[in-house]
Structures are given as C-alpha cells and as structure tokens.
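The structure appears below as structure tokens.
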Amino acid sequence: MNQELETSTRKVILSMLKTQGPLSVHDMSKQLGITEMAVRRHINTLEKDNLLEAKLVRQAMGRPTSVYSLTQLADELFPKKYMQLTMDLLGEMLEDEGHAKIDRLFERRQEKLERRYQSRMKSGSLEERVAELAHIQNENGYMVEWSQLGSGEFILSEHNCPITQVANMFQQACKCELALFQKLLDAQVERTECLAKGGSKCVYRISQNK
C-alpha cells in the first residue's frame with residue numbers, strides 16, 4: 001500500500017469518527033473493506049499523532065472492546081467558521097450600537113490581555129521583556145522575530161496575524177495591540193509597518209521610555 005493511499009485511508013477514518021462517533025476496529029474494518037490488522041496499523045499512526053483516543057466498552061458477551069474517538073486536536077482539522085462568526089457579530093454590533101461600543105470592546109480585550117500577561121513582564125531588562133513578548137506572541141500564532149539595533153533599540157516583527165480579517169475591517173484591533181505592547185513593555189513602541197494596511201508584516205520599533 002503506497003503512502004498516498006495510506007494517508008487517504010486515515011483521512012477516511014477521521015471522517016467516519018467525526019460523522020458517526022466512536023467506532024471499534026471491527027466497525028471500521030467492515031466499512032472500509034480492509035482487514036482489522038490494516039485498520040490497527042492506521043489507528044496506531046493516528047494515536048501517535050494524538051488524533052485518536054481509545055476507551056474500553058463492556059460487551060453483553062465476551063471481553064470489553066476498544067472504541068476510538070477523535071481528540072480535540074483532531075477536531076481542529078475540520079473546517080471552522082469562527083472568524084466569519086466574529087466578523088458577523090462585530091458587524092451587527094457596529095450597526096446597532098455604533099463605533100463607541102466597538103472601541104470599548106477592543107479596549108476591554110486589551111485590558112484582559114494586559115492582566116493575563118503582566119506577571120510575565122514584571123522584572124528584567126527591556127531586552128528580556130521584548131524576548132518574553134515575542135514568546136507570548138509566538139504562542140498565539142504571530143510568527144515573531146526580534147532583534148536589537150546598535151542604538152539600544154529593538155525591532156519586533158510579526159509575520160502572521162491570526163485576526164487579519166478583523167484587523168482589516170476594525171482598526172481598533174491594531175490600535176489596541178500597540179497600546180498593549182506599550183503597557184507590557186513599559187517602553188516607547190512605534191509601529192512602522194502593518195499587515196492590515198498593506199504591509200508584508202507588522203513591525204514595531206521599541207526603545208526605552210525617556
């Protein structure tokens with residue numbers, strides 16, 4: 001069996017579990033038309049990738065049998081429309097309650113993020129705080145790089161924006177990110193390039209408060 005076919009079979013197994021719920025090796029074997037040994041080989045691979053989890057289920061007769069279901073990680077492989085829902089809700093709020101409400105919503109998000117991360121930024125030099133901020137943003141999917149300039153300033157670049165669609169329509173997102181960085185770093189922060197304004201990345205120039 002070639003690798004492409006094996007990958008295709010594993011995708012079918014994931015789809016079966018998504019649409020039908022927990023299944024045993026025997027159930028999958030019958031539906032796929034392959035041997036139980038072949039099914040187990042695919043299951044072993046999926047378990048190693050943390051995409052399946054097993055649970056023992058008692059039978060009316062005989063020994064308990066294992067049934068398999070998707071993990072949370074596997075569920076994330078299937079299409080989601082979270083961003084479209086967010087855009088729809090923000091659009092409705094803007095229409096019903098105006099820009100002031102949207103402004104306050106993003107400000108509250110900024111305040112929440114500040115409270116969440118402030119403890120990680122309390123001590124250390126500006127360089128250490130910039131490094132920690134880069135780590136935080138990478139945890140959130142921003143694909144960050146940073147470097148120190150000879151002048152003692154720092155450049156922090158975000159190559160990805162997980163909320164690009166929101167930022168494109170609501171500039172409050174970019175404004176609040178800048179304010180968040182200023183608060184967390186306790187430093188002067190200037191945005192010199194912005195993805196939401198046609199840039200290839202978001203770039204921040206950071207220096208000590210004067």
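Before moving on, here are some points about what is shown:
- Any hit, the stretch 31-47, residues being hydroxyl-bearing (Ser, Thr, Tyr) and closer than 27 Å to Ile163 by Cβ: no
- Qualifying residue in the stretch 70-81 (condition: hydroxyl-bearing (Ser, Thr, Tyr) and under 23 Å from the mean Cα position of the chain (by Cα)): yes
- Of all residues in the stretch 103-127, those satisfying the criterion of being out of contact with any Lys or Arg (no Cβ under 6 Å at 6 or more places or on another chain), among the charged types (D, E, K, R) and surrounded by 13 or more Cβ atoms within 10 Å (Cβ to Cβ) are Asp103, Glu107, Arg109, Glu111, Arg120, Glu127.
- Sole exception among (1) part of a helix (DSSP H, G or I); (2) over 20 Å from the mean Cα position of the chain (by Cα); (3) under 30 Å from Thr7 (Cα atoms) for Glu53, by number: (1)
- Within the stretch 76-92, none of the residues are assigned by TED's automatic domain parsing to the domain that holds Phe181 and touching a strand residue (DSSP E or B) at 6+ places or on another chain (Cβ under 8 Å).
- Among the residues here, Gln165 qualifies as in contact (Cβ under 8 Å) with a residue 40 or more places away in the chain, in the same structural domain as Met93 (by TED's automatic domain parsing), assigned to a helix (DSSP H, G or I) and among the polar types (S, T, N, Q).
- The single residue among Arg129, Arg191 that is in contact with a Leu (Cβ under 6 Å, 6 or more places away or on another chain), without any contact (Cβ under 8 Å) to a residue 60 or more places away in the chain and part of a helix (DSSP H, G or I) turns out to be Arg129.
- The stretch 144-167: number of residues that are closer than 30 Å to Asp88 by Cβ, surrounded by 14 or more Cβ atoms within 10 Å (Cβ to Cβ) and in contact with a strand residue (DSSP E or B) (Cβ under 8 Å, 6 or more places away or on another chain): 3
- Across the stretch 179-202, the qualifying residues are those that are within 21 Å of the chain's Cα centre (by Cα) and surrounded by fewer than 17 Cβ atoms within 10 Å (Cβ to Cβ), and the one among them that is nearest to His159 (Cα to Cα) is Lys201.
- Scanning the stretch 56-76 for residues being under 19 Å from Thr7 (Cα atoms) and either of a type in the set (A, V, I, L, M) or touching a residue at least 24 places away in the same chain (Cβ under 8 Å) (or both) gives a total of 6.
The values are calculated or read from the model by the stated rules, or taken from the named source; none is laboratory data. The model shown is predicted, which means the values in this text are computed figures rather than measured ones. Quick reminder, even Gly has a Cβ in these numbers, built from the backbone with ideal geometry, and neighbours come from all protein chains shown.
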